[in-house]
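S.K.: After the structure tokens below, expect a handful of questions from me.
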Amino acid sequence: MTLFADYHQLHVFDDGSLTDLGDAWTDQAVLDGLAVAGDALAVGTEVNVSVTVTVEVLPGRPSADETVFDHVVEGSVEVRSGRLVVMGCTDFEPDAARFTVPGGWMRVRVARANLAEARRLDIDSDEDPATMERVQLQVWPEAPSDLAVLKRWQH
């Protein structure tokens with residue numbers, strides 16, 4: 001799917017969450033590209049235009065594949081409703097994509113690719129799928145743990 005990454009971010013949260021992610025955007029969260037706030041996550045993007053997003057709901061932790069991505073980070077989110085919402089931060093929430101997941105704590109791996117080309121073209125990066133920033137979200141049940149940066153992009 002394609003989402004508008006307004007304000008350089010996407011939101012991933014429990015359906016019904018009322019969490020305000022504003023306070024979660026610390027200097028470290030900006031550096032890591034992921035803001036964590038209990039039942040909600042904000043994914044930082046390189047661009048402030050549309051990005052390509054794929055979501056995979058998995059039964060367990062996926063194997064590592066950092067080599068094909070520029071930046072990879074993981075965080076935990078509590079999804080009590082069993083429905084995970086994925087949207088651009090200014091999208092209309094009732095129309096947002098929802099994914100069925102086991103209720104409880106989930107781990108989310110955010111892997112981003114094509115960052116240099118998207119950054120170079122900036123507001124024009126979404127005019128061609130070959131130049132768009134790509135975001136892969138992999139989600140699986142797992143007890144909560146601290147944010148982990150598996151691969152950091154150096155701009």
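The values are calculated or read from the model by the stated rules, or taken from the named source; none is laboratory data. Because the structure is a prediction, the values reported are computed rather than measured. Positions of Cβ are backbone-derived with ideal geometry, glycine not excepted, and every protein chain shown enters the neighbour counts. Areas reflect the complete protein model, heavy atoms only, side chains present, ligands, DNA and RNA absent. Shrake-Rupley method; radii C 1.70, N 1.55, O 1.52, S 1.80 Å.
S.K.: Going 7 Å from the Cα of residue 100 in the Cα-to-Cβ direction, what parts of segment 12-56 have a backbone nitrogen less than 18 Å from that spot?
M.R.: 14-16, 55-56
S.K.: In deg cm²/dmol, rounded to 500, what helix-only [θ] at 222 nm does the chain give when every DSSP H run of at least 4 residues adds -39500 (n - 2.57) and the total is split over its residues? Intermediate results must be reported in sequence, preceding the final value.
M.R.: Numbers: 2 runs with 13 residues, N = 155.
Value at 222 nm, helices only, nearest 500: -2000 deg cm²/dmol.
S.K.: Next up: Rank by packing, highest mean first: peptides 108-118, 61-71, with packing defined as the count of other Cβ atoms within 10 Å averaged across residues. Show your work: numbers first, answer last.
M.R.: Values: 108-118: 20.9, 61-71: 13.4.
Going by the mean number of other Cβ atoms within 10 Å, highest first, we get 108-118, 61-71.
S.K.: Once the Cβ-Cβ distance between residue 66 and residue 30 is put in as r, and R0 is 25 Å, what FRET efficiency do you end up with, to the nearest 0.05? Please list the in-between numbers first.
M.R.: Numbers: r = 21 Å, r/R0 = 0.83.
E(calc), rounded to 0.05, equals 0.75.
S.K.: Using a 1.4 Å probe, what is the accessible area per residue for the chain, in Å²?
M.R.: On the way: 7440 Å² over 155 residues.
For the chain, the solvent-accessible area averages 48 Å² per residue.
S.K.: Let me ask something else. Amide H of residue 58 versus every other amide H placed in the peptide plane: which residues, excluding those fewer than 5 positions away on the same chain, fall under 5 Å?
M.R.: 139, 140
S.K.: Classify the chain as rounded, prolate or oblate, taking a ≥ b ≥ c as the square roots of the eigenvalues of its Cα gyration tensor: rounded when a/c is under 1.5, otherwise prolate if a/b is larger than b/c and oblate if not.
M.R.: Values: a/c = 1.55, a/b = 1.33, b/c = 1.17.
The shape class here is prolate.
S.K.: Give me, ordered by chain and number, the residues 5 or more places off residue 82 or on other chains with an amide H under 5 Å from its own placed amide H.
M.R.: 104
S.K.: What percent does the relative contact order of segment 1-58 come to when contacts are Cα pairs within less than 8 Å and at least six residues apart? Please list the in-between numbers first.
M.R.: Values: 86 pairs, mean separation 28.8, N = 58.
Relative contact order here is 50 percent.
S.K.: Given a 1.4 angstrom probe, I'd like the percentage of the accessible area of segment 19-155 that is carbon and sulfur, rounded to a whole number. Don't skip to the answer; put the middle values down first.
M.R.: Details: 3270 of 6540 Å².
In segment 19-155, the share of accessible area belonging to carbon and sulfur is 50 percent.
S.K.: Let me ask something else about it. Among 20, 124, 91, which one moves the most in a GNM of the chain with springs linking Cα atoms closer than 10 Å?
M.R.: 20
S.K.: Using alpha-carbon pairs under 8 Å, 6+ residues apart, how would you state the relative contact order of the chain in percent? Intermediate values should be presented prior to the final figure.
M.R.: Numbers: 385 pairs, mean separation 46.1, N = 155.
Relative contact order comes out at 30 percent.
S.K.: Amide H neighbours of residue 5 under 5 Å, counting only residues 5+ apart in sequence or on other chains, H built in-plane at 1.01 Å?
M.R.: Those lying under 5 Å, H to H, from residue 5 are 49, 50, 51.
S.K.: Next up: GNM on the chain, C-alpha springs below 10 Å: top fluctuator among 60, 75, 88?
M.R.: 60
S.K.: Let me know the shape class of segment 1-72, please: from the alpha-carbon gyration tensor, a ≥ b ≥ c as square roots of the eigenvalues, rounded when a/c is under 1.5, otherwise prolate if a/b is greater than b/c, or oblate. Walk me through the numbers before you get to the answer.
M.R.: Working: a/c = 1.40, a/b = 1.20, b/c = 1.17.
Rounded, because the longest to shortest axis ratio a/c is under 1.5.
S.K.: Where does each of 95-105, 35-45 land if you order them by average Cβ count within 10 Å, highest first? Write out the running numbers ahead of the final one.
M.R.: Working: 95-105: 14.0, 35-45: 22.0.
Packing order, densest peptide first, comes out as 35-45, 95-105.
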